[in-house]
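Nothing in this text is a laboratory measurement; each read-out follows from the coordinates by a stated rule. The structure presented is a predicted model; accordingly, all values stated were derived computationally and were not measured. Please note: Cβ atoms are built from the backbone with ideal geometry, for glycine as well, and neighbour counts cover all protein chains shown.
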Amino acid sequence: MRKFFFRKCLVICVAALPAFGGDLVGKIEAGPVPPEGSPSKDAPSPPAVAWIEGVPEKPSFSMRTLTISQRGAQFDPQFLVAVVGETLAMPNDDNIAHNVFSYSEAKQFNLGVYPKGESKSVVLDKPGKLDMFCSIHRHMHATVIIVPTSWYAEPDAEGNFAVREIPAGSYTLKIWREGSKDFAKEISIPAEGEAHEAIKLEPAAE
Ligand SMILES: [Cu+2]
C-alpha cells in the first residue's frame, strides 16, 4: 500500500514540474576547408560537435552501445560522437578480414585481424579524440570524439546546433571541429528561453 502511494505521488510531482531549463542555440560560422586527403574533404561541412561542461548529468541518460562497422573496405561511419563510459562495437560486415587499432591517448587498442561476422568492442572510458585505423588497409580511418557529458549536439551542414532544456547556470561551451582550433567559452543559460551564441573558429595550427 505504501509503495502504491509513493508511486502515485512521484507521478503527480513529476507531471507538475514546469518546463525545465533554457536552450542553447548556436551557429558555427563556415570555417577552414579540411586539408586535402581528409576523409571528409567532400562533405558539406567538417565533422564537429559542441558540448556543455558543468551541467549535472541528465537522469534520463543511459549509456549506449555505438557501432562503427567495417564495410566496403571502409569504416562506417567515419565520424562518431560518444559519451564517456559508452561502448563502441566494431563488427566486421565486410567480405574481407580487417584489423582495428588506435594509438590515441583517449583509448589505445589493437583488436587483431578478424573476419566477417565477428565483432569486437571497447569501453570509451576517457574523453578525447580517438583515431582508428586498419593495419591491412592503410586508407581506412575513422574518428570518434568522446565527450564528457550527454549535453552535446552535432551541428548541421550550416553549422547550426541546439542543446535544449539545460538547468539554468553558468557553464563552459566547448567545440571540436576538424581542421579548427579547439574552442571554449563561458556561457550562461537562463531559467527559460534561449541563449544564442554565434561562434567563429580559428584554423588549427599547422
Ligand atoms: Cu582493413
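Below, the figures for the structure above:
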read-out	value
Per-peptide average of other Cβ atoms within 10 Å, ordering 74-83, 106-115 highest first	74-83, 106-115
Calculated FRET value between residue 73 and residue 172, using beta carbons and R₀ = 41 Å, to 0.05	0.55
Extension gain (nm, one decimal) between residue 65 and residue 125, 0.36 nm per residue minus Cα-Cα	20.3 nm
Distance between modelled label sites at residue 103 and residue 53, nm, 7 Å Cα→Cβ extension	2.6
Segments 97-104, 117-124, 54-61 sorted - mean Cβ within 10 Å per residue, highest first	97-104, 117-124, 54-61
Virtual paramagnetic centre 7 Å along Cα→Cβ of residue 197, amide N under 17 Å, in the range 162-184	162-178, 180-184
Principal axis dimensions, the range 21-199 - Cα atoms, whole angstrom, descending	53, 37, 24
